[in-house]
Amino acid sequence: MSRAVGEAVDRREDCELAGFWSRGDDLADLLATADVLIDFTLPGATAFIAESCAAAGCPLVCGVTGLDEEGDSALTAAASKIPIVYDRNMSAGIASLSLLVPGLAASLGDGYRISINETHHVHKKDAPSGTALKLGEKITSAVPGVEVVYSSERRGEVPGDHEIMFESETETIRVAHSVVTRDVFADGAVRAAIWLIGRAASRYSMLEVLS
């Protein structure tokens with residue numbers, strides 16, 4: 001993802017790459033020269049990164065999935081000092097699906113079995129994926145009490161496939177999204193980073209970036 005983000009920056013004329021950070025480097029040095037930080041690391045680093053960005057006054061775009069309570073709380077605390085875009089999926093397609101699917105669930109009502117099936121590359125550690133959980137949460141907020149059943153598969157180098165199924169005794173409705181290349185996440189993150197500049201301290205999502 002770091003390489004994909006660098007290439008996404010290079011494709012644009014309205015921003016430039018300040019540098020990369022990896023474990024063992026001094027993050028403060030990078031934050032001193034960057035206008036915004038994009039984080040696609042791992043959940044264990046989220047609290048440190050959020051706290052470092054807040055201390056430096058540097059806006060943060062975070063696309064890390066599988067966050068625990070500590071990481072999520074660290075983002076919320078940092079968002080009182082700096083603007084943060086946090087989303088478990090940075091693609092415009094998934095942001096749009098998160099608007100579509102709750103309305104579909106609400107219109108169908110509680111008479112349908114709902115499942116979300118996701119497939120990712122073998123290197124992905126969290127399951128179900130953050131995107132699957134995000135879509136499931138949107139459904140259950142629209143139809144309280146409904147149960148969403150998740151299934152996960154890890155194979156090859158699949159960037160990310162998600163299928164939401166609504167099944168009754170008489171019909172099946174499928175809504176699917178497939179990622180062709182990880183560039184979609186990088187492009188979304190860079191778009192979010194540019195949007196974030198000058199925003200008030202708060203916690204935002206990709207829906208707000210796209211609106």
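FYI, it's all coordinate maths here, none of it is from the lab. Please read all numbers here as calculations on a predicted model, not as lab measurements. Backbone-built Cβ (ideal geometry, glycine too); neighbour counts: all protein chains shown.
Put a dot 7 Å past the Cα of Glu147, heading toward its Cβ, do the same for Leu99, and the two dots end up 3.3 nm apart. Here is the list for the range 94-177: trypsin sites (Lys or Arg not before Pro) lying in DSSP coil, each with at most 11 other C-beta atoms within 10 angstrom of its C-beta, are Lys125, Arg155.
Counting only alpha carbon atoms, the long axis of helix 43-56 and the longest principal axis of the chain meet at about 40°. Relative to the longest principal axis of the Cα atoms of the chain, the long axis of helix 69-78 lies at roughly 50 degrees.
Here each label is just a point 7 Å from Cα along the line to Cβ, and for Asp110 and Asp161 those points are 3.3 nm apart. Computed extension length for Glu70-Ser202: 45.7 nm, one decimal, from 0.36 nm per residue of separation with the Cα-Cα distance subtracted. Relative contact order for the range 88-204: 31 percent, from Cα pairs under 8 Å spaced at least 6 residues apart, divided by residue count. Values [x] 1.05; [y] 0.99; [z] 0.93 are given for comparison; Rg/Rh (Cα atoms, Kirkwood Rh), derived from the coordinates here, is the one labelled [y]. Shape class of the range 99-211 from the alpha-carbon gyration tensor: oblate, with a/c at 1.5 or above and b/c at least as large as a/b. Taking a sphere under 15 Å around the Cβ of Ala92 and counting the other residues whose Cβ falls inside, with K and R at +1 and D and E at -1, yields a net charge of 0. Kindly list the residues of the range 70-104 that lie in the label zone of Lys125, defined by a backbone N under 16 Å from the point 7 Å along the Cα-to-C-beta vector. Those under the cut-off are 70-72. Seen from Ser168, the other residues with C-beta closer than 12 Å to its C-beta sum to a net charge of -3, counting Lys and Arg as +1 and Asp and Glu as -1. Estimated from helices alone, the mean residue ellipticity of the chain at 222 nm is -12500 deg cm²/dmol (sum of -39500 (n - 2.57) over DSSP H runs with n ≥ 4, per residue). For the chain, the longest principal axis of the Cα atoms and the long axis of helix 130-142 meet at an angle of about 60 degrees.
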